[in-house]
1. Run the Debye formula on the Cα coordinates of the stretch B:31-108, all scatterers equal and no solvent, and tell me log10 I(q)/I(0) at q = 0.13, 0.21 1/Å.
2. In chain A, if every C-alpha pair distance is counted and binned at 10 Å from zero, what percent goes to each bin?
3. Using 10 Å bins from zero, what percent of all Cα-Cα pairs in the stretch A:100-226 falls into each bin?
4. Using mean Cβ contacts within 10 Å as the protection proxy, how do A:133-140, B:119-126 order, highest first?
5. For residue B:370 and residue B:249 in one chain, what is 0.36 nm times their gap in residues minus the Cα-Cα distance, to one decimal in nm?
6. Taking the Cα of residue B:73, stepping 7 Å toward and past its beta carbon, and measuring to each backbone N in the stretch A:192-222: which are under 15 Å?
7. Looking at the stretch A:155-259, I'd like the Rg to Rh ratio, where Rg is from alpha-carbon atoms and Rh is Kirkwood's inverse mean 1/r.
8. Extent of the stretch A:196-354 along each principal axis, from alpha carbon coordinates, in Å, largest to smallest?
């Protein structure tokens, strides 16, 4: 079996699966259970200044799929609601009992250097492996000038990161908020401040759904609600893009990334890694299924690595980054056309109506004398959009087949159809 | 009832309450969770095959999507606007040869269709409407007679009433509902559902039902024709086909439909006459209903005999499976030869001749055998009750075989007289098809009367 151990910004971990700073890492009891289950590390739920935060009742809500599977998860919990002293004592004990496991301490404090300078030695004394700066919490804390309120201002990100590097020897991981126009800006700021790594994404501002009788959103707190932070499977595409943006940004190239956002199985983890994440953090999947999911994650990742001939995780971290580019560098001469495997087709007609109503009218519905429907691709009309393949309920029935065009690679900057093409002269007659 | 000829027989051993337990829902209703799971399996096909095959044009994909989206009333009204007897059809339709056979989920790796019948039932059973979902159009001033308060007649009456016409239904029996009330196995339509459905349907208003009115006896077609703007005949098939053997009227031999009707109407099942050994002749759904029900009442030995093989049975595989599950013995390739009587002249069994296909021809082999039985139930099909269409006008109806000939608008050859349901050709003898006939005939009647009215206005002008 492949070796799953990693070294992430100087921190050694027996596997790349860490639990993110969140309810599952709130106290020793949970963390010990997680370690017993096989997690490589945890980011302890965010510590702050005393007195500890106070939470409301009714804290979570979810966006459900067709069969009540949780697609997205929303929470309005604040940082730890236990005292600093209790948390520090528990961290010390757990680290002592589990020396081969990673404990990162998440921190959130107001933007005053003294507060950071005071707490950092206390955290270091626990034996923790590093700190993560919570610049991402989107609910509650920003109203008090912390969390995302810091993460949205690159200057603050750089400043606080630098304080932490100044007052502590521990590796500093800066956790980024996705509630920002361009995630590269705070990542660059973190790097400028001396961060050893970034982790992302924190949760996304969200309202999952409403009670239409009471006319109030969930989760309901005494007849009212507030936006929360969105996570779970639904945010994975957003997180993957943000990870890729930072991984391929020349300004932050090489900065270690801890990938977070909707990771629930080994494949999700491998995808985050392929786009540049050296380790991954999981929360929602564990909150829905318990800590045991790490078993299948480890097993699946390890077997996939064996199958692909990877002996260590570092061999494929970032491997998909070079293939992630700007639209303008995509090959304009590439062409795929849908192909329907008639043996697999169950004749549900979904590809037909999707293409006919909303795309390029490239699928024909043929009706024989017995009334049997057959759906066929009109090759000349197909633009290769993938919609039919996506709506088809039978996996593998519709495939998008690359065509031999005989044409060379040509991107938009080279395309004569581009009126602002950088590399071609627009003919004068045009 | 008409099972007098069995009155010398013993009664079931079990008490009524215990017996009633054997006649609860054969296919229990879906609860909310099951309905959610099942509705989520629907692919919402385009040009969906389930909808295309539905004899009553129900938009199946649409009502299932409504169920899944929590719009139960929307689902129910979507069903009812095409099929006002959607509740009973959900229970009695042979979905295994209709929508559920057409479901694309049969084809993929699952091989399991969406449970469309149970979902339809879920929608109808769980709707909560403050009032009848359909409003009547402005009055046309027309009055139409409907003969028969079975599925065809009720459907026709409801649609006619909705379109603004007044309707009088003439029904021979005490209760409305036709086969839903009298002819379907008790465990398929439980809890007096047929009557509840009739009450729901009548809530649209404008429909009067007169019971004890039998066409050809105390009601004549020529009178209805004279008194009403139009007449719809939803007569059904009132006569049971005969075996054509000596002893056919002996005590112990009777039509399965008569026993089923008695069973359905019985307040106390333990008072029914019950043969300990019974033979059921036939291979349709009625034969299966009969055999299974008498087995459930406590008969020791029930043998269903059919002259051909299983594959030729008109009872669906699903129905055959029900029979097997209920320990009904099925004997194929044998035809009745002689009714065997005891000294008192009562049925003691039947002599059968084995049959076979020889060189592509069906026939008896000459080899015979006896099956001992206390009762024999005929379920070899129904035919037109000729007395119902015996008045001089009715005799002029064109016939296709014993059925009434109608055009594609359900018009008989007599102007102003329409027909639908099992009594017309071609028919599949399905409840759902009868409902469709009634609905379409109502539209035809309405349009024809409108044309006539407009034509007369032009003349008057």
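FYI, it's all coordinate maths here, none of it is from the lab. Note that the structure is predicted; figures quoted are calculated from it, not measured. Using ideal geometry, Cβ is built from the backbone for each residue, glycine included, and neighbour counts are taken over all protein chains shown.
1. Log10 I(q)/I(0), no solvent term: -0.36, -1.01.
2. Pairs per bin, as whole percents: 4, 19, 26, 23, 15, 9, 3, 1, 0.
3. So the P(r) values, bin by bin, are 13, 40, 27, 14, 6, 0.
4. On the way: A:133-140: 26.0, B:119-126: 24.2.
The densest-packed peptide leads the list: A:133-140, B:119-126.
5. Numbers: separation 121, 0.36 × 121 = 43.56 nm, distance 1.93 nm.
Computed gain between residue B:370 and residue B:249 is 41.6 nm.
6. Within reach of a label on residue B:73, which here means backbone N under 15 Å from a point 7 Å along Cα→Cβ, the stretch A:192-222 contributes A:213.
7. Working: Rg = 17.0 Å, Rh = 15.3 Å.
When Rh is taken as the Kirkwood radius, the ratio is 1.11.
8. Result for the stretch A:196-354: principal-axis Cα extents of 54, 52, 38 Å.
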